[in-house]
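> Take this structure, written in structure tokens, and hold onto it; I'll ask about it next.
No lab work stands behind these numbers, since they all come straight from the coordinates. From a predicted model like this one, the values you see are computed outputs, not experimental measurements. Reconstructed Cβ throughout: ideal geometry from the backbone, glycine too, with neighbour counts over all protein chains shown.
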Amino acid sequence: MNRIVTTLSIAAAFAAGCGVTHLLRPAQAATDVFTAQVIHTGELEGDALSPANASGMRNKLLASADGATLAIQDGNTPKHLHPVANEIQYILEGTGTLWLGDKEVRVKPGDLVIIPHGTPHGGTKPDGRTFKAIAIKTPPQAPDDTKLLTD
């Protein structure tokens, strides 16, 4: 129950932040649409997310607005960075370590990971299953905003 409340709180904070963006730029607000909904993240598995990419990652865009996107991600990804987009991940499932900046950190369900743009991250080492996380990116990540890194 506590994870559900936390997940919904993060989604509400995301929506509120997007609302503030709309107040600051009312001309843009008319082009963005949110739909009231409940998303059962536990039911989003396998191809209900997307076909797996080359590294095995699956994802599904849940909401998009002028200033940010909200998605669910399931899988592990190689170490990379986003030169422009900031990322916030809320870990739903999976325990292990991931790269964050220049160190490896332990994460578990309920952890919130803040990843400023330009910060190396990924390279997960799960204890058992892959990581499943809610990912908020602001500004929305452009297709060319991922730079793969080698150790």
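> Treating cross-link reach as a plain straight distance, find the lysines whose alpha-carbon is under 20 Å from the alpha-carbon of residue 108, omitting any fewer than eight places away in the same chain.
Those lysines meeting the cut-off are 79, 125, 132.
> Okay, next question. May I ask you to list the aspartates and glutamates whose Cα is less than 14 Å away from that of residue 60, ignoring any residue fewer than eight positions away on the same chain?
Partners found: 43, 45, 47, 74.
> What full-extension length gain, to one decimal in nm, is calculated for residue 142 and residue 80 as 0.36 nm per residue of separation minus the Cα-Cα distance?
20.9 nm
> Are there GluC sites (Glu not before Pro) in the stretch 55-112 that DSSP marks as loop and that have at most 13 other Cβ atoms within 10 Å, and which are they?
Listed in order of number, the matching sites amount to none.
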